[in-house]
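See structure below.
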Amino acid sequence: MVSLRLEGIGASYGRQPIIAGISTPAFRAGEVVAVIGPNAAGKSTLFKRMAGLLDGPGKVRLEHSDKGMEGICYMPQDISANARLTVYESVLLARKQQTPSWTVHDADLALIDEVMASLGMAELAFRNLGELSGGQRQLASIAQTLARDPEILLMDEPTSALDLHRQVQVLAFMRKLARQRNMIVFIAIHDLNQALRFSDQALVIAGGTLQASGPSAEVITVEMLRRVYRIAARIERCSMGIGHVIVDDVV
Ligand SMILES: Nc1ncnc2c1ncn2[C@@H]1O[C@H](COP(=O)(O)OP(=O)(O)OP(=O)(O)O)[C@@H](O)[C@H]1O
């Protein structure tokens, strides 16, 4: 089963270094990894570097991968939808871009139906992309990404435009899918309570460098919140034993 480790990763825009020296332990198939940190910390830049969209020092080390770098799929934060396609067509197109032939098989259609049903968006299938709300566009983008059948998924704030019901639906689905399909799912996310609930591991990025990594409950601590986010907070366990961040003030 696939594993991924970062070794001294860096990236720049022009001459401006944005991230540097990011090394991690190995992440394993089935894990959801929350990538957290303040605005402009370098989370999207890290994803672009991991997906091979930016050059830079360091290595993305994959082991036991069937697809190599081809299996890394990046879902960007900004999702424009100018194409005159229905949601279904856009998901099918995303699926066929990954395969050598344009022939559509029953298995392709079954996978798309399953993904759209699991995301609770079957009723959007024949709507045009251009007429969707922000949240609906985000769901369409998630479906397109999943139809590519990635081994490693890099999702940049995939729930930022979704209502609470859909946030939980999508994050719970991603966690289930990571385990079922033996994927590693990295999710850049600002909601630390959702990170505590739905991720196995967390990476904290600030100022372009790695501040902490490890099991989410060990990484998202009162001390880290003060140091990295400059907030005074408590972390209290709910009746289900999951930690919740309660913010008292900025520091
Ligand atoms: N195309 C670009 N050209 C130049 N600088 C860029 C470019 N894209 C991002 N940056 C800069 O790189 C830094 C890191 O940006 P990045 O988008 O990686 O942060 P982020 O952690 O994802 O932030 P956020 O949480 O606000 O989405 C920022 O200072 C940003 O202004």
Do any trypsin sites (Lys or Arg not before Pro) in the range 142-251 lie in a loop, going by DSSP, with at most 15 other beta-carbon atoms within 10 Å of their beta carbon, and if so which?
-> 181, 230
Between 87, 185, 228, find the one with the highest GNM mean-square fluctuation for the chain; connect C-alpha pairs within less than 10 Å.
-> 228
What list of ³J(HN,Hα) couplings, whole Hz, do you get for the range 99-114 from phi and the Karplus terms 6.51, -1.76, 1.60, once you set θ to phi - 60° and write x for glycine and proline?
-> 10, x, 10, 8, 5, 9, 9, 4, 5, 4, 5, 5, 5, 5, 4, 5
Carbon and sulfur %, accessible surface of the chain computed with the full protein complex present, 1.4 Å = 50
Which Rg and Dmax, in Å, describe the Cα atoms of the range 64-123?
-> 13.2, 39
Summing Lys, Arg as +1 and Asp, Glu as -1, what charge do residues with Cβ under 12 Å from the Cβ of residue 189 carry, residue 189 excluded?
-> -1
Take every DSSP beta bridge with both residues inside the chain and express the antiparallel ones as a percent of the total, to the nearest 5.
-> 60
For residue 246 paired with residue 182, estimate the spin-label separation in nm (one decimal), with each label point 7 Å from Cα along the Cα-to-Cβ line.
-> 4.4
Could you do me a favour and compute the accessible area per residue for the chain, 1.4 Å probe, result in Å²?
-> 48
For the range 108-219, rounded, prolate or oblate, judged on the Cα gyration tensor with a ≥ b ≥ c (square roots of eigenvalues), a/c < 1.5 rounded, else prolate if a/b > b/c?
-> prolate
Which aspartates and glutamates have a Cα lying under 12 Å from the Cα of residue 43, excluding residues fewer than 8 positions away in the same chain?
-> 156, 157
Cα centroids of the range 165-182 and the range 1-67: how far apart, whole angstrom?
-> 22
Kindly identify the range 110-176 as rounded, prolate or oblate by the Cα gyration tensor criterion: order the square roots of the eigenvalues as a ≥ b ≥ c, call it rounded if a/c is under 1.5, otherwise compare a/b with b/c, prolate if a/b is larger, else oblate.
-> rounded
Per residue, the convex hull enclosing the alpha carbons of the range 1-115 has a volume in Å³ of 155
Quotient of Cα Rg and 2.2 N^0.38 Å for the chain, N being how many residues it contains | 1.02
Of the chain, which part is the longest with no chymotrypsin sites (Phe, Trp or Tyr not before Pro) in a loop (DSSP not H, G, I, E, B) and with at most 15 other C-beta atoms within 10 angstrom?
-> 127-251
What FRET efficiency comes out for the pair residue 223/residue 133, r = Cβ-Cβ distance, R0 = 35 Å, nearest 0.05?
-> 0.35
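Using the Cα centre of the range 1-129 as the reference point, and only Cβ charges (+1 on K/R, -1 on D/E), how large is the resulting charge dipole? Debye, rounded to the nearest 20.
That gives a dipole near 580 debye.
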So, over other residues within a Cβ distance under 12 Å of residue 12, counting Lys, Arg +1 and Asp, Glu -1, the net charge is +2
Helix-derived mean residue ellipticity, 222 nm - over the chain, DSSP H n ≥ 4, -39500 (n - 2.57), to 500 = -9500 deg cm²/dmol
Helix 87-97 sits off the longest principal axis of the Cα atoms of the chain, rounded to the nearest 10 on a 0 to 90 degree scale, by 90
Would you be so kind as to identify which of 3, 65, 40 lies farthest towards the positive end of the dipole of the range 1-69, taking Lys and Arg as +1 and Asp and Glu as -1 on Cβ and the Cα centre as origin?
-> 40
Local electrostatic count at residue 110 - Lys and Arg +1, Asp and Glu -1, tallied over other residues with Cβ under 14 Å | -4
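The values are calculated or read from the model by the stated rules, or taken from the named source; none is laboratory data. This one's a predicted model, so the numbers in the text were calculated from it and none came from an experiment. All Cβ positions, even for glycine, are placed from backbone atoms using ideal geometry, and neighbour counts span all protein chains on display. Only protein heavy atoms, including side chains, enter the accessible area calculation; ligands, DNA and RNA are left aside. Shrake-Rupley method; radii C 1.70, N 1.55, O 1.52, S 1.80 Å.
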